[in-house]
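Contents: one structure, followed by commentary.
The values are calculated or read from the model by the stated rules, or taken from the named source; none is laboratory data. Remember, it's a predicted structure, so these values are computed and weren't measured experimentally. Glycine gets a Cβ as well: all are built from the backbone with ideal geometry, and neighbour counts include every protein chain shown. Note: areas computed on protein heavy atoms with side chains; ligands, DNA, RNA excluded. Shrake-Rupley method; radii C 1.70, N 1.55, O 1.52, S 1.80 Å.
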Amino acid sequence: MEDDMKFRHTLPVQIRFSDVDQYGHMNNSSYFSLYDLAKTSYMRDVFGDKDWKSHRYCGCQYQCRFSGSGFFSDDLVIHTSVIHLGHKSFTLLQRAVNKASGVLKCQCRTIMVGYDVASKEPVELPADFKRAICDYEGKTLEELSQPLK
């Protein structure tokens, strides 16, 4: 179940001055920049310095749920996990959480599609890509290939 899920990847993030309004509330769009930082960090942790120039991954669907207001004073961390591996896509689950209180501020599911830059077409996810994610997440390909609820 997603609600009691454990995340292996956590990234502390800094809320920038431009992320908030005059009352100290975070702009909802700011979360997407923080999620992008965490995606980059996640990929580096999973794949190290591997060169993925022949394959790129682009976001094709974002589903975001805002649970509470974020504030300039929040000490946020972003949790990231791959929760599904398909043939040509994978799904990331990310959460912005107040580190001190544990309060969930925002959650986002992102479907990323494998994309070949040369052909400009979606492509199958490479087996070594899937294996690296399974190893990092501590799950089997069968577990991560199950349909999402």
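Things to note:
- Identification of strands (runs of 3 or more DSSP E) wholly contained in segment 1-114 with 1 or more residues that are free of Cβ contacts under 8 Å to residues at least 24 places away in the same chain yields 89-98.
- Test set (1) under 24 Å from PHE129 (Cα atoms); (2) in contact with a Phe, Trp or Tyr (Cβ under 6 Å, 6 or more places away or on another chain); (3) modelled with pLDDT under 90 - GLY24 fails condition number: (1)
- Any hit, segment 58-68, residues being touching an Asp or Glu at 6+ places or on another chain (Cβ under 6 Å) and surrounded by 13 or more Cβ atoms within 10 Å (Cβ to Cβ): no
- Within segment 115-140, being touching a residue at least 12 places away in the same chain (Cβ under 8 Å), surrounded by 13 or more Cβ atoms within 10 Å (Cβ to Cβ) and either under 15 Å from the mean Cα position of the chain (by Cα) or not in a strand (DSSP E or B) (or both) holds for VAL123, GLU124, LEU125, PRO126, PHE129, LYS130, ALA132, ILE133, CYS134, TYR136, GLU137.
- Just one of (1) within 17 Å of the chain's Cα centre (by Cα); (2) at pLDDT below 95; (3) over 22 Å from ASP19 (Cβ atoms) fails for GLN63. It is (3).
- Test result for ASP74, among the acidic types (Asp, Glu) and either at pLDDT 95 or above or open to solvent by less than 20 Å² (accessible area, probe 1.4 Å) (or both): no
- Residue ID - least open to solvent (accessible area, probe 1.4 Å), chosen from residues in segment 27-57 that are closer than 23 Å to ALA132 by Cα and of a type in the set (A, V, I, L, M): ALA38
- Residues of segment 80-114 classified as open to solvent by 30 Å² or more (accessible area, probe 1.4 Å) and closer than 15 Å to HIS9 by Cβ, total: 1
- Evaluation of PRO12 against (1) closer than 23 Å to LEU148 by Cβ; (2) within 15 Å of the chain's Cα centre (by Cα); (3) at pLDDT 95 or above; (4) not basic (Lys, Arg) (one fails), failing number: (1)
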